[in-house]
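Read the structure below first, then the notes.
The values are calculated or read from the model by the stated rules, or taken from the named source; none is laboratory data. Everything numeric here is computed off the predicted structure, so don't read it as measured data. Please note: Cβ atoms are built from the backbone with ideal geometry, for glycine as well, and neighbour counts cover all protein chains shown.
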């Protein structure tokens with residue numbers, strides 16, 4: 001009987017060594033600024049340049065580097081401004097798109113010229129209104145409100161949001177709306193970088209035909 | 001015949017002429033009246049409605065917003081000036097009107113032209129006059145309300161902590177007191193003469209020691225201890241290389257809880273790539289500036305926020321903001337956002353968790369292969385209204401009663417993600 005007891009207590013003792021290991025392992029988990037233990041660290045750090053993650057520390061990962069030069073994890077491009085991996089396109093680059101939209105060259109103050117532009121989207125496609133509403137809810141609603149009354153949640157903190165159903169906006173054209181989305185007007189910022197021309201025309205159609213009805 | 005005809009014609013003419021005169025008179029009087037500011041409740045109500053629908057975006061009665069405060073505007077400006085300015089502010093500025101140009105200098109914005117009728121503008125002015133005659137209310141409610149909500153958020157948690165600690169202290173004191181009582185009683189009883197049954201009860205402590213040393217107890221303790229240790233070791237091993245809970249400090253203390261939660265700005269508004277490309281993308285500074293060109297203060301205060309100032313600094317020095325990447329897949333796995341969000345119709349929160357409640361973004365899903373595969377096994381394919389799937393669905397329904405899953409469309413093929 002005594003022998004059994006001794007075996008058990010010896011077992012418990014060796015197990016407490018395991019407990020220490022377990023405690024040690026708990027510090028492997030990611031928390032706060034610590035990414036956690038990386039098993040095979042090369043897997044976490046991209047060798048090619050990545051647009052959305054880059055490491056500027058030239059020493060990073062030099063413990064696994066076999067050749068001279070910066071560490072294995074250094075992924076910044078010293079030839080670019082601010083050592084970024086992304087680069088702005090060459091000036092006057094014309095982006096290709098499947099609908100053949102040419103760059104919008106009107107200036108912010110050319111609103112009157114823009115108002116004469118005709119929406120190139122077909123008028124008999126009900127899907128355009130459906131898409132327009134979806135896009136309006138994603139990109140406009142938080143300021144202009146679900147019905148365009150200028151009562152979105154952000155408008156509370158950002159005075160000057162237009163009531164799209166107001167008298168001043170009742171006779172505006174889709175070209176006018178497209179121009180304002182693209183270039184901004186008054187306090188509204190330019191949203192041309194966030195929406196493709198086709199999406200902007202869809203929103204213009206939706207505002208003109210549903211919100212301002 | 002002739003004379004009577006002429007007579008009736010004359011009478012007819014006179015009647016018509018007088019009706020015309022009467023009409024002119026009425027129009028004249030009413031237009032004269034319209035040039036004045038009315039105190040008629042109906043007109044004021046109409047003015048209020050127009051004011052709230054068209055003007056409140058930029059004007060308040062008592063505070064300066066985008067445009068000037070309109071309190072007592074009827075005493076500051078001629079009615080004609082107001083009428084002309086509202087109808088076409090740009091024309092007034094171009095015509096060299098001194099007041100209009102001074103306003104443009106001060107506010108740097110040209111007011112939108114409003115195609116109101118004179119009557120409508122006058123009704124709005126009537127409303128402004130009626131409001132101007134009321135005393136100014138001091139607006140302190142907002143700041144206290146703001147502070148109040150912050151306090152409300154913090155207090156209950158600390159209360160609970162204090163109560164818990166208090167309870168534990170009380171329980172420990174109770175234990176000590178009970179132990180002392182037992183000791184005193186036992187010592188008292190030992191000094192007395194007792195029969196066998198009573199002695200057994202008094203010396204129970206010895207029996208307890210024996211119980212602790214018994215094989216059954218030791219066996220159970222060993223089992224329990226082993227189980228706990230093994231579970232901890234295995235859990236610990238599974239955290240190696242898995243970055244769930246990683247919540248790095250970002251260069252700007254941006255709160256998704258405020259932007260996506262409180263103000264319900266759609267994820268797509270900033271992460272514009274999510275439906276179009278592999279990456280959801282981090283917004284560039286111009287998207288921040290769509291709102292922060294006007295919003296510069298710490299919420300609920302008038303102090304400029306040092307965090308928002310960092311956006312301005314980035315704009316002025318033309319340097320990128322170096323956000324720290326949270327979700328990181330190894331190079332060996334390909335993942336495309338548009339395929340999952342636009343095509344698959346998956347909500348952002350499915351993988352990223354309740355972002356709209358996170359003050360600091362932390363990794364929610366573990367992003368392991370098992371996690372990916374599990375979802376590909378369980379998720380139904382949306383095949384409706386897509387002719388591409390018609391034959392596949394037909395073939396699938398011949399061998400299975402289950403609806404078609406992602407795995408049935410090759411969602412578990414190695415080369416889907418690893419190539």
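Tabulated values for the structure
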| item | result |
| --- | --- |
| Residue ranges of helices (runs of 4 or more DSSP H) in region B:252-362 with at least 2 members farther than 24 Å from residue A:152 by Cα and more than 12 Å from chain A (Cβ to nearest Cβ) | B:306-317, B:348-352 |
| Given (1) within 25 Å of residue A:75 (Cβ to Cβ); (2) more than 8 Å from chain B (Cβ to nearest Cβ); (3) exposed (fewer than 14 other Cβ atoms within 10 Å of the Cβ), number of the condition residue A:39 does not satisfy | (2) |
| Residues being touching a residue at least 40 places away in the same chain (Cβ under 8 Å) and either more than 20 Å from residue A:114 (Cβ to Cβ) or surrounded by fewer than 21 Cβ atoms within 10 Å (Cβ to Cβ) (or both) - total across region A:149-168 | 1 |
| Failed criterion for residue A:80 (all others in (1) facing chain B (nearest Cβ under 9 Å); (2) out of contact with any helix residue (DSSP H, G or I) (no Cβ under 6 Å at 6 or more places or on another chain) hold) | (1) |
| Counted residues, region A:1-36 - those being at the interface with chain B (Cβ under 7 Å from one of its Cβ atoms), loosely packed, with under 14 Cβ neighbours inside 10 Å and not in a helix (DSSP H, G or I) | 2 |
| Checking residue B:369 against (1) away from every other protein chain (no Cβ under 14 Å); (2) exposed (fewer than 14 other Cβ atoms within 10 Å of the Cβ), the condition it does not meet | (1) |
| Residue tally, condition without any contact (Cβ under 8 Å) to a residue 12 or more places away in the chain, at the interface with chain B (Cβ under 10 Å from one of its Cβ atoms) and not in a loop (DSSP other than H, G, I, E, B), over region A:42-66 | 1 |
| Filter result for the condition that a residue is touching a strand residue (DSSP E or B) at 6+ places or on another chain (Cβ under 7 Å) and either exposed (fewer than 15 other Cβ atoms within 10 Å of the Cβ) or under 25 Å from residue A:33 (Cα atoms) (or both), over B:305, B:279 | B:305 |
| Long-range neighbours under 9 Å by Cβ, at least six apart or interchain, first residue at the interface with another protein chain (Cβ under 9 Å from one of its Cβ atoms) and buried (at least 17 other Cβ atoms within 10 Å of the Cβ) within region B:57-75, second at pLDDT below 85 and not in a loop (DSSP other than H, G, I, E, B) | B:66/B:107; B:67/B:107 |
| Selected residue (criterion: nearest to the chain's Cα centre (by Cα)) from residues of region A:23-63 that are more than 20 Å from residue B:326 (Cα to Cα) and modelled with pLDDT under 80 | A:26 |
| Any helices (runs of 4 or more DSSP H) falling wholly within region A:99-213 and containing at least 2 residues that are over 20 Å from residue B:289 (Cα atoms) and more than 8 Å from chain B (Cβ to nearest Cβ) | A:111-115, A:126-139, A:174-183, A:197-206 |
